[in-house]
Each structure stands twice: as structure tokens, then as C-alpha cells.
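Here is the structure we will look at.
The values are calculated or read from the model by the stated rules, or taken from the named source; none is laboratory data. The shown structure was predicted, so the numbers you read here are calculated from the model rather than taken from an experiment. Note: ideal-geometry Cβ built from the backbone for every residue, glycine included; neighbour counts use all protein chains shown. All accessible areas refer to the heavy atoms of the entire protein, side chains included, with ligands and DNA or RNA removed. Shrake-Rupley method; radii C 1.70, N 1.55, O 1.52, S 1.80 Å.
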Amino acid sequence: MGRVYVVGVGMTKFEKPGVRDGDYPEFAKEAIQKALQDSKVKISEVELATVGYVYGDSTCGQRAIYEVGMTGIPIFNVNNNCSTGSSALMIAKEMVESGKKDCVLALGFEKMERGSLTSKFLDRTNPMDKHVTLMADLVGINEAPITAQMFGNAGIEHMKKYGTKPEHFAKIAYKNHKHSVNNPNSQFRQEYSLEQIMKSPQVFGPLTKLQCCPTSDGAAAAILASEGFVRAHGLENQAIEILGIEMATDLPSTFSDNSLMKLVGYDMTKTAADRLYQKTGVKPTDVQVVELHDCFSANELITYEALGLCPPGKAGELIDRGDNTYGGKYVVNPSGGLISKGHPLGATGLAQCAELCWHLRGEAGARQVPGAKIALQHNIGLGGAVVVALYAKGFPSYSNNVGIRKTNSVGDGSGFVATPYLKILEQIMLIDQDNTIDKFRGIYGIRIKKDNGQEGFWVINAKTGKGTVEFNSKVKPDVTLIVNDKDIVELLAGKINPQKAFFQGKIKIQGNMGLAMKLTELQRVAKQKIANITAKL
């Protein structure tokens with residue numbers, strides 16, 4: 001069985017249903033294009049797609065992907081309740097792992113209605129009928145949303161069994177709302193005090209409104225590839241290996257043990273997690289960052305124990321120690337989790353994947369978990385299915401600097417057509433009397449490839465002062481442009497439009513696309529200065 005890597009991820013901002021313009025094809029298109037851009041893979045190179053959504057007609061997956069390209073590939077539609085996105089991811093992973101495909105797209109999206117989830121079909125058996133019937137027999141049912149009652153009752157059971165307090169559930173929501181402040185893709189980005197969370201309107205049991213996830217619109221995508229594909233495309237530096245994925249469904253204990261925690265998936269999660277740890281050799285204590293299915297704060301709390309992040313009954317102590325946030329043993333839901341980031345059902349599992357990949361690549365910005373090496377994902381759907389996955393950097397020996405390859409490089413940059421022109425650029429920066437550089441503040445990386453396989457890497461650091469141009473700099477760029485040696489002179493001289501060249505495949509871009517697009521204006525400003533100096537060469 002082959003190793004499988006995530007080489008590109010992308011997602012939309014999650015929004016309250018109806019807030020953003022467009023429909024699910026537009027959501028999906030944005031997520032796919034971001035993942036393709038991140039991976040530097042063309043849609044024509046994707047050999048198969050798995051698409052997850054819960055609310056929609058058959059073949060919505062095809063309709064969504066057609067927005068990006070109609071290439072005739074197999075497209076499978078997946079519906080597995082709230083674990084739909086990770087289910088699509090798992091199927092995509094197995095397609096690559098088996099050797100059947102080298103490059104596969106996993107996509108998830110949802111266009112939802114406002115308010116609590118309700119049944120859509122009233123003329124047939126509800127797949128949750130056994131779960132709801134058992135809950136009714138054990139504790140009764142009231143007018144609150146059914147899912148809130150199920151997870152709220154699980155929280156109440158934990159309180160009775162282990163002495164957990166309402167404050168412990170509220171502290172989870174406090175943490176997740178606080179984390180989301182730094183996530184531009186989050187539906188909610190407001191920080192609340194613990195008191196505000198506990199005093200927000202009660203939904204059921206210990207759960208208040210600010211401890212419950214909202215319905216959301218949005219999409220997320222991931223490009224998965226084989227090791228051969230990664231190496232052939234030079235993607236080692238950004239490839240995140242999926243160490244393993246396990247799925248479990250309801251067990252006899254879900255219904256036979258009369259446990260409300262087991263009714264909402266405690267045993268499913270524990271079963272999948274135990275299998276995953278056994279197969280990968282990874283222990284829970286090896287993990288630094290976790291994206292966990294916190295549809296309600298009660299579910300995050302009981303899942304700590306099911307995943308082995310702490311012993312049974314010790315979740316409250318883990319929370320009180322701060323071992324679920326920055327500075328503690330684990331950082332759980334740095335994205336803000338479902339409570340704050342939002343929960344478009346089909347997209348959630350793939351958004352979790354994206355978040356964890358960003359952390360392992362060191363690209364999570366203000367959310368970055370320091371020293372993240374092993375990441376854990378948990379995505380659960382009642383009815384039931386849970387998916388648990390582990391990730392790690394696929395080729396840790398490769399430099400963390402975007403675009404730097406350790407092989408086939410030239411020691412001082414000599415031998416490249418671009419070398420004298422980059423020195424000219426540095427001169428122009430130093431004599432910039434009009435302070436033009438102030439309009440282009442940032443750190444630009446340029447990776448130049450020769451036809452013989454040699455590569456050179458320059459960093460144009462225009463962050464402060466007049467700036468510098470340095471070969472094989474250790475400074476991490478905000479954006480990196482990858483271009484052939486024969487094209488770089490025309491690019492610097494303004495003969496190639498960066499945007500046009502990008503879509504033609506002459507330039508590849510990693511990092512801040514907005515900053516890269518500033519090059520068009522920079523070319524216009526610097527064109528005559530470059531021409532004046534090059535005329536003297």
C-alpha cells in the first residue's frame with residue numbers, strides 16, 4: 001500500500017446561511033481553485049474526485065466540479081451526516097493508497113438553512129429513530145432541538161458520573177471563541193468572557209447558545225497525491241502525509257449500555273482512535289494539535305477522553321490545567337472549532353484537514369501551534385459514523401523555507417541568466433529616491449529553474465528600509481514565484497504580465513497571492529529604470 005499526501009488545501013470563509021452571494025457551485029469553485037493553486041496542480045491532472053454534502057440532490061458533486069473543469073473523471077457523491085467531509089477524504093485517500101490513482105480531489109460543501117437542523121423526509125424511517133427512542137426511554141424529550149438534547153444529556157451524564165461542572169463546558173466554548181479571533185475563515189470572530197458564555201440563553205441542560213455550533217454555508221477541498229506524484233512535481237516541501245484514517249460506526253454498546261455518552265458516539269470514537277493508534281504506532285501524547293468535532297461543548301469534553309487525550313473522568317482536570325489551548329499539552333481547535341468557525345456539514349471534515357495541514361506546514365499565521373509535528377483530526381456524524389485521522393509532515397528533511405530545494409542548487413547563483421538582473425534590481429532598490437518601495441512592502445521569494453534541473457533561490461526582502469536581494473536566504477518569504485531561467489528577464493523587464501503568465505502556467509505562485517499581484521504595478525514603475533541600467537551592460 002502506498003503512502004498518501006495532502007499537497008494542497010483550500011476553503012471558503014464559513015458564513016451564516018444566506019449571507020454570502022452565490023450557490024454551492026460557487027462555494028465549491030472557490031475552495032477547489034484555492035486547493036489547486038496551493039498544490040500547483042492543474043484540474044486536468046486530477047484523476048478522480050470524491051464530493052461530500054448532506055443537503056442537496058443527487059450528483060451535486062458533478063455540478064460543483066464542472067465549474068472548474070469537465071474532464072470526464074469519476075466523481076463520487078458522499079453523504080455521512082456531519083462526518084461527510086472526512087468520509088470523502090477517507091475514500092480519496094484509499095483510492096491513492098491502493099495505487100489506482102495518483103492525484104485525487106476531495107471536496108465538501110454545504111448550503112444550509114438557518115436555525116436548528118430538522119428532518120427533510122417525513123414519509124420514511126428516520127435514520128436516528130433508534131437513537132431518539134432510547135433517549136426518550138432514558139430521560140424523556142422536550143421541545144429543545146433534538147441534537148442539543150442528545151449532546152446535552154451526554155454532558156449531564158458526565159457531570160453525574162465524574163463530577164464535571166457547567167463551567168468546564170463553558171471554558172471549552174470560551175477557548176474556541178478566543179481561538180477564532182485569529183481565523184479569517186471563521187463565521188464568528190468575537191471573543192466572549194466566561195460569564196457571557198454561561199449567561200447566554202440556555203438551549204438544553206448545561207449548554208447555552210454560545211456553546212452550540214451554528215448552521216453555515218461554505219466549502220473546503222484537498223488535493224491528495226501519491227509519493228511518485230509528489231516527487232515528480234517537486235511538492236515535497238509542502239506535502240503532509242496522512243499517517244492513517246479510521247472510521248467506525250455504531251456498536252451494540254451504543255444501544256445496549258443505556259449510556260447517553262455512548263449514544264452520541266463515545267464508543268465509536270474510542271474504537272476508531274484505538275485502531276488508528278495501533279496501526280500507526282502514534283500515541284495520543286505524541287500529538288500537538290487537534291481539530292475535534294465540537295458541535296456542542298459537551299461533545300468536545302467527552303471526546304477528550306474517547307481519543308485518549310486524558311483518562312476517563314479527567315477531562316475537567318485537563319481543561320482546568322489549560323492543556324487544551326496554547327501553552328498547554330495540546331492545542332484543540334485552533335481554528336475556533338465548529339462552535340465558532342461554523343459547521344457546513346459536508347465541508348467540516350475537509351476544513352479540519354486544511355487547518356491541520358497549515359499548522360504542520362507552519363503556515364497558520366497568528367494561530368500557529370509552535371512545533372506542531374503530529375496532528376489529530378476527529379469528525380463525527382450521528383446515525384452514525386466517526387472518522388479519526390493522523391497527519392505529519394511528509395518530508396521533514398526538506399527546508400521550511402517555501403520553494404527551497406536542497407538538491408541541484410548552485411552555490412552562489414552564478415550561471416543563471418537572471419543573476420545580473422537581480423543585482424540590477426538591488427541597485428534600483430538602493431537608489432530609490434521616490435520611496436517607491438513603500439508601495440511594495442513584503443518578502444518575495446523567486447525560485448528559478450534551468451532546463452538542466454539546476455535551481456536557484458533568491459529572496460527580495462522589501463519589508464524594511466531600502467530592502468535587499470539575497471541568494472539562498474534563510475528568511476521565509478510571504479510569497480514565492482517559481483519561474484524558468486529563460487523567462488525571468490522578460491518578467492523583470494515587464495515583457496511578461498504576471499497574471500497572464502500565471503494562468504498560462506509560466507509562473508507558479510506559493511503564498512500570498514495578493515502580494516504577488518502587486519508585481520504588475522511594480523513592473524510598470526520599474527520598467528524604465530531597469531531598461532536604463534540594462535542598456536549599459
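Counting the residues of the range 56-80 that are under 22 Å from the mean Cα position of the chain (by Cα) and either of a type in the set (A, V, I, L, M) or modelled with pLDDT under 95 (or both) gives 5. Strands (runs of 3 or more DSSP E) fully within the range 165-266 that include at least 3 residues being in contact (Cβ under 8 Å) with a residue 24 or more places away in the chain and closer than 24 Å to G8 by Cβ: 218-226, 240-248.
What are the residues in the range 181-215 that are touching a strand residue (DSSP E or B) at 6+ places or on another chain (Cβ under 8 Å) and either at pLDDT below 95 or open to solvent by 20 Å² or more (accessible area, probe 1.4 Å) (or both), if any? It would help to see each step written out before you state the result.
Quick first cut of the range 181-215, residues touching a strand residue (DSSP E or B) at 6+ places or on another chain (Cβ under 8 Å) only: 185, 187, 197-203, 207-209, 211-215.
Listed by number, the residues that qualify are N185, Q187, M198, K199, P201, Q202, V203, K209, C212, C213, P214, T215.
When G445, G403, G413 are checked against the criterion of being open to solvent by less than 10 Å² (accessible area, probe 1.4 Å), among the small types (G, A, S), within 38 Å of the chain's Cα centre (by Cα) and at pLDDT 75 or above, G445 stands alone in meeting it. Every listed requirement among (1) part of a helix (DSSP H, G or I); (2) over 30 Å from G234 (Cα atoms); (3) modelled with pLDDT under 75; (4) not hydrophobic (A, V, I, L, M, F, W, C) is met by K439 save one, (3).
Within the range 354-366, the set of residues being part of a helix (DSSP H, G or I) and over 12 Å from the mean Cα position of the chain (by Cα) comprises G365, A366. Count of the range 276-288 residues, restricted to those that are assigned to a helix (DSSP H, G or I) and either open to solvent by 50 Å² or more (accessible area, probe 1.4 Å) or farther than 14 Å from I245 by Cα (or both), is 5.
Yes or no: M261 out of contact with any Leu (no Cβ under 9 Å at 6 or more places or on another chain) and at pLDDT 95 or above? Against the criterion (out of contact with any Leu (no Cβ under 9 Å at 6 or more places or on another chain) and at pLDDT 95 or above), M261 qualifies.
Per the listing E241, E236, E291, the residue uniquely among the acidic types (D, E) and open to solvent by 10 Å² or more (accessible area, probe 1.4 Å) is E241.
With respect to the conditions (1) in contact with a strand residue (DSSP E or B) (Cβ under 6 Å, 6 or more places away or on another chain); (2) not in a strand (DSSP E or B), D294 lacks only one, and its number is (1). Working only within the range 1-41, note down all residues that are closer than 16 Å to A351 by Cβ and acidic (D, E). Answer for the range 1-41, where residues must be closer than 16 Å to A351 by Cβ and acidic (D, E): E15, E30, D38. Each residue in the range 92-113 was checked for being at pLDDT below 95 and either at positive phi or open to solvent by less than 10 Å² (accessible area, probe 1.4 Å) (or both), and 1 of them qualify.
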